[in-house]
Every structure is written in C-alpha cells, then in structure tokens.
Amino acid sequence: MWTTDDSSRLYGLDDWGCGYFSINDEGNLEVHPGRDRKRSADLIEVIGEVARKSVRFPVLFRFPQIIEDRLTGIDQAFRSSIEELGYQGGYRLVFPVKVNPHRAVIRQAVEGGKVGLEVGTKAEMLVALSMDLDPDALVVCNGYKDDRYLKLAMVSRRSVVVIDLFEELSSVLRCSEEMGIRPRLGLRVRLFSKGVRSKFGLSTTEILKAIEILSKNEMLDRLEMLHFHLGSQIADIRNVKDAVNEAARIYAKVRKTVDLRYFDVGGGLSIDYDGSRTTSPSSTNYSLKEYTNDVVYTIQRVCGEEGVPCPDIISESGRAIVAYHSFLVFKIIGEKNFSFGDVRSRGDGSIQVEALRFAYDKINAENRIEYYHDALHYQDELFDSFNLGNIGLEEKAEGENLFWNVCRKASRLAEEDGDESREFQDLKKLLCKKYIGDFSLFRSAPDIWGVHQIFPTIPLHRLDERPTERGTIADITCDSDGEIASFAGENVGYLPLHALKKDEDYYLGTFLLGAYQDALGSFHNLLGRVNEVHVLVDEKGWCISKVIEGHRCEDVLRVFDYHPASWCGLQGKAEMEDLQKALEGYPYFDDGHQK
Ligand SMILES: *Cc1c(COP(=O)(O)O)cnc(C)c1O
C-alpha cells in the first residue's frame, strides 16, 4: 500500500521543505508557517477558495508568516551563538531589497522594528525611504552611487553610505560638503579568498588611502562599518569561513586606528533547494547554526588575537529569509507523449522494420540488453534507408512505432531486474512524458533557465496514491528551454507523476521561489506577472489576506508600447468584442472552465 510517507520520501519533502510543508491524510500538501502542526493550511482547500473567488491560475502564493519565522530563526541563531561563545558584541540584520522588492515582503521584513534594509540603487533607496523603519534600524547603502543617490542616502540618519569603490570617495565628500551633512560611512573590502565573486570593494592599498583622505577631511570619526559580500548561495561552509577570516583580519587591523563599530558580513547564506545537503550549486553543506557559529567564532578569535574589541555583527541574508515564503501553483493542461500505436502483425516490411518487429516479439528478461541494442541499430538503419529514399512514410512510421515499443518493453524489463545502469537510466528519461504546465518558467522561476537552479516541483494532491507516470514539465512558452527537467528528491531527471484524469484538474507547485525570482521574471512570449494570493494561518484556520491581480494582456502589451489604437483596423462588432475580451483577459491558458 502506497502511503503519504512514501510520497514525502519520494519528493524529498523533509530534505528541502525545512518543516514548512507536509502531507495530510487526504493526500494533500499542507503549509505550516510556524514549522509546527498547530497552524496549517490544506493547499487544496485554499486552491478551492481561490477558484471560487474567480482568481485564475497560475497563481503565486505568498505566506508572509514564513518570512517572520525565518527572521526569528536567523536572529535567534546568531543570538544563541553569541551567548554560547560569550561574544562581546551584538547582532543586527538588514534585509537586501534586491532579493525581493515586493512591498508586502519588505513591509513584513521590517515590521518587527529590528530589521533594517540594504539597498544597491536609487530606486531601492526610495523603497527604504518609503518604509516606516524603527529609529535604530540601519539602511546600508551599496552599489554605484551618483549624486542623486548619495543625496537621498544622506538625508536619512539611518543610512550608512558604504564606499564600494575608491572613486566614490570624492563624490561622497563633495555631496557631504554641499549638503552640510556628515554622513555615516562604511568601507567595502575586496577579498581574495576562494569562492568570493564580488565586483565591488577596495583593495588593501585603497583602504589605507581612503583612511588617509577621510582623516585629512576630518571625517574619519564618521567611518563606522567594514563591509564585504561573498556573492549569493555560497554552498560550501569553507568559503564562508575563509572569507570571514580574511575580512575580520582587515577589520581588526583598521580597528587599531579607527573607531569602527559594525562588521557587515553581507549575504551568501544558502538554501538547500534540492535537499541533497551537498556543495552542489542548488544545495548547501551547512546548517544555519553552523553558519552563525562559524561567523561569530571567527570574528571573536581574530579580534582576540589582535587585541581589539569585538564589533557588532550585521548580516545581509536575503535568500535565507524569503526563499521559502512563496511558491507557484499551476495546472497541468495536457501531456505530450510519443504516440505509440499498437503493433500490427505483418511480415512484409523492409528488413529494418521486420528486424524491429522481431526484437519487439522476442525481447525477454535474458536477452533484453542485446535486443535493445539491436533495436538501436535497426532504428539507425531505418533512418538511413528513409534518407536515401528507399522507404516511404508509412514504413518509417511503422518502424519508429516498433522501436518505441521495444524501448518501452526493455525499460520495463530493466526495471523488474533492478537494473541501475546508466544506459537504462537514460532510456527511462527518453521514455518520459512531458506534462504541459500552464505557466512560464521565464516569468516565475527564471533561475531554472538562467543558472540551472533546481526548485522543488511536486504534485499538491493525490499524494496518497502511487504515482504511475514519469515526466518533465514543459511550460506554455514556445521556447525549448521552458521546461522543468531537474527535480529535488530521489529522481533528479524526471518527476514521478499521477496519470491525468479527464474530469479532475491536476495541480503542481514549484516551491522556494521567494528569493530573486519575482524581480528577475521576464515577459518572454508576452506572458505577464501572475495573479498573487497572500495567505495567513492561525490556530483556527487560514484566510486569504490579499489578492493582487496579475497582468492582463493589455498591461503586458502596453509595456512594449502597444496601445488600444493599434487594433482599430479590426472592423466587425463580433471581432471587436472578442478582441476586447482578449485584451482584458489573463495571458495564460484558458481551459474554458474558469470564469
Ligand atoms: C545580493 C546581496 C545580498 C543578498 O545575498 P543573499 O545571498 O541573498 O543573502 C547581500 N548583500 C549584498 C551587498 C548584495 O548585493
């Protein structure tokens, strides 16, 4: 008997889900924003409610309480490391706006009052200025800064202007003089440890020169922070340790002459997207507690050796805070399969066709490898023969049909035999179905395309049923890269799936989309932003707290400079009505069931 535990294992739920997801007795996926069973939302119930509200799929779900839980978790991990090690300094978190600039996300992040923001552009600076931040919260200003950015930064007493490049120093001093404001300052250091991918930062010579210049301008007392950033998703803890060690050394040397207060370790804290707990790019080989222990311990050790006071630690973890809170739910709208026909018994085909028919008839557990290889050979010959003009379309079709039927038999026999060889893994992949998902990978999970990242994708229901199919998930763009073909859990190259039913929608979810995907998503094939639903959960149940409508066709077209007048050539009234409906409609697939 297949149980929900089997599904949980198969899809690696506990390996990547961090306690936020589980399967209930109905075989539906549940979300637990507090990582406990006291608060849970059955996703199929939520989906039912969303459909009743006539919100169309695909839908991006946000569970803002997961952000809260992550913030608390990271804060507590740092605080407990500080306490356990007897570290003589504090800790604060600033959330990097670029990781998810959505207003609801930023508001959730800064709501408790303790968390500040990290910004890297003028527009992000404007985001920070729009938020009702705690008077003590910091705004760390990074990135390329023109005068307008600098002036925005300097008006806020929370801002620490980080000199990211040596060349910035003169404009900082100039703007400061023009405005009559002495800004709080930081220095970004360029590190040389392995695994650091930053394009910003001052070299050692530049740091010394900057300190000299600041001193001459009587601004050295404003320098309060040393900053570095390793790059995002640093999968190997050794790279974190090396970088913190190098930067802490620089901090300690500078601290001997400058009264620094903050040591900002940037981002990089990674997420185990595929659940493998390795140093592969979609995974990570360390836990949150290991990270905070290593950061705190390394700074403490270096400062102790150098005989300087320990700084307050700042971290700019973005991914680790928001990755879990959102996921995409979409419907499967069809499947693409090799259309196997039945094998007809004939005996008058070409040599290749009859050889394939022989392999199909006679393949068994003993000869399966040999006959499978024969089939590969005759399939090649069949193509050659067709390309030379020796056989017709019907003959080619029959040969291909036989070939795929041999493959299917060979695969089944290999599976019964427990064959784990590479050859039969590849064959399994070859025989996979393609399920068509109503979404755009380029819009909703662009890092799958951009950096080949894995995001867990799983069915949201029927998880008490053994999945009988295997497939990859193609999106509705006309781009061959628009396909999810790598998965978390046991089966990396294909996803175990349930057979589609005629009268029931099949919903899948792609998870851990909360970091970077919202802002990176693009308009490929003119598919716009998807509808968004925010869900809150408490002990009594769940509720939809907000619905944000996605782009309609009209909105998307406007982005590319089309205007209603563009279609005035269409004359007939019926045509105009259809046109109007299409313009006002959702750009995704309309299966006619939804209003
Ligand atoms: C992008 C960025 C971050 C966020 O990094 P994560 O790996 O998402 O935590 C932090 N600091 C700076 C300066 C950044 O540019």
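Here are the numbers for the structure shown:
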read-out	value
Any chance VAL535 is away from the ligand (no atom under 16 Å from the Cβ) and in contact (Cβ under 8 Å) with a residue 60 or more places away in the chain	yes
Filtered residues of the range 269-284 (kept if within 16 Å of the ligand (Cβ to nearest atom) and either open to solvent by 50 Å² or more (accessible area, probe 1.4 Å) or not β-branched (Val, Ile, Thr) (or both))	LEU269, SER270, ASP272, TYR273, THR279, PRO281, SER282, SER283
Members of the range 359-375 that are crowded, with 17+ Cβ neighbours inside 10 Å and either of a type outside the set (Gly, Ala, Ser) or closer than 17 Å to ASN390 by Cα (or both)	TYR360, ILE363, ARG368, ILE369, TYR371, TYR372, ASP374
Top-ranked residue of the range 249-268 - restricted to ones that are among the hydroxyl-bearing types (Ser, Thr, Tyr) and away from the ligand (no atom under 16 Å from the Cβ), ranked as surrounded by the most Cβ atoms within 10 Å (Cβ to Cβ)	TYR251
Selected residue (only one of ARG79, ARG158 is within 30 Å of LEU208 (Cβ to Cβ), over 24 Å from the mean Cα position of the chain (by Cα) and open to solvent by 30 Å² or more (accessible area, probe 1.4 Å))	ARG158
Qualifying residue in the range 157-165 (condition: within 26 Å of SER287 (Cα to Cα) and either modelled with pLDDT of 95 or more or away from the ligand (no atom under 13 Å from the Cβ) (or both))	no
Meets criteria (under 26 Å from the mean Cα position of the chain (by Cα), open to solvent by less than 10 Å² (accessible area, probe 1.4 Å) and within 16 Å of the ligand (Cβ to nearest atom)) for LEU226	no
Residue within the range 296-312 that is buried (at least 21 other Cβ atoms within 10 Å of the Cβ) and within 16 Å of the ligand (Cβ to nearest atom) present	no
Test: SER287 is of a type outside the set (Phe, Trp, Tyr), within 16 Å of the ligand (Cβ to nearest atom), outside the structural domain of GLY12 (by TED's automatic domain parsing) and more than 30 Å from GLY89 (Cα to Cα)	no
Sole exception among (1) at pLDDT 95 or above; (2) open to solvent by 20 Å² or more (accessible area, probe 1.4 Å); (3) not basic (Lys, Arg) for ASP36, by number	(1)
Qualifying position, being in contact (Cβ under 8 Å) with a residue 60 or more places away in the chain, open to solvent by less than 40 Å² (accessible area, probe 1.4 Å) and among the hydroxyl-bearing types (Ser, Thr, Tyr), among SER193, SER176, SER203, SER232	SER232
Enumerated helices (runs of 4 or more DSSP H) restricted to the range 378-444, each holding at least 1 residues that are surrounded by fewer than 21 Cβ atoms within 10 Å (Cβ to Cβ) and at negative phi	393-416, 422-430
Within the range 88-117, considering residues that are among the aliphatic types (A, V, I, L, M) and under 12 Å from ARG62 (Cβ atoms), the one nearest to the ligand (Cβ to nearest atom)	VAL105
Subset tally (residues that are open to solvent by 10 Å² or more (accessible area, probe 1.4 Å) and either outside the structural domain of CYS310 (by TED's automatic domain parsing) or of a type outside the set (A, V, I, L, M, F, W, C) (or both)) for the range 97-123	14
Of all residues making up the range 529-588, the number that are open to solvent by 40 Å² or more (accessible area, probe 1.4 Å), among the aromatic types (Phe, Trp, Tyr) and within 27 Å of SER444 (Cα to Cα)	3
Of all residues in the range 484-507 being under 24 Å from GLU532 (Cβ atoms) and under 16 Å from the mean Cα position of the chain (by Cα), the one that is surrounded by the fewest Cβ atoms within 10 Å (Cβ to Cβ)	ILE484
Qualifying residue in the range 191-209 (condition: more than 28 Å from ALA248 (Cα to Cα) and out of contact with any helix residue (DSSP H, G or I) (no Cβ under 7 Å at 6 or more places or on another chain))	no
Conditions (1) surrounded by fewer than 21 Cβ atoms within 10 Å (Cβ to Cβ); (2) hydroxyl-bearing (Ser, Thr, Tyr); (3) touching a residue at least 24 places away in the same chain (Cβ under 8 Å); (4) not in a loop (DSSP other than H, G, I, E, B): number failed by SER22	(3)
Any hit, the range 135-149, residues being more than 28 Å from the chain's Cα centre (by Cα) and crowded, with 22+ Cβ neighbours inside 10 Å	yes
Residue in the range 21-41 that is among the polar types (S, T, N, Q), within 16 Å of the ligand (Cβ to nearest atom) and closer than 26 Å to PHE330 by Cα present	no
Total residues in the range 313-355, condition hydrophobic (A, V, I, L, M, F, W, C), at pLDDT below 95 and either within 16 Å of the ligand (Cβ to nearest atom) or not in a helix (DSSP H, G or I) (or both)	3
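The values are calculated or read from the model by the stated rules, or taken from the named source; none is laboratory data. No experiment lies behind these values; they were computed from the predicted model shown. Backbone-built Cβ (ideal geometry, glycine too); neighbour counts: all protein chains shown. Please note that ligands, DNA and RNA were not included when accessible areas were found on the heavy atoms of the full protein model with its side chains. Shrake-Rupley method; radii C 1.70, N 1.55, O 1.52, S 1.80 Å.
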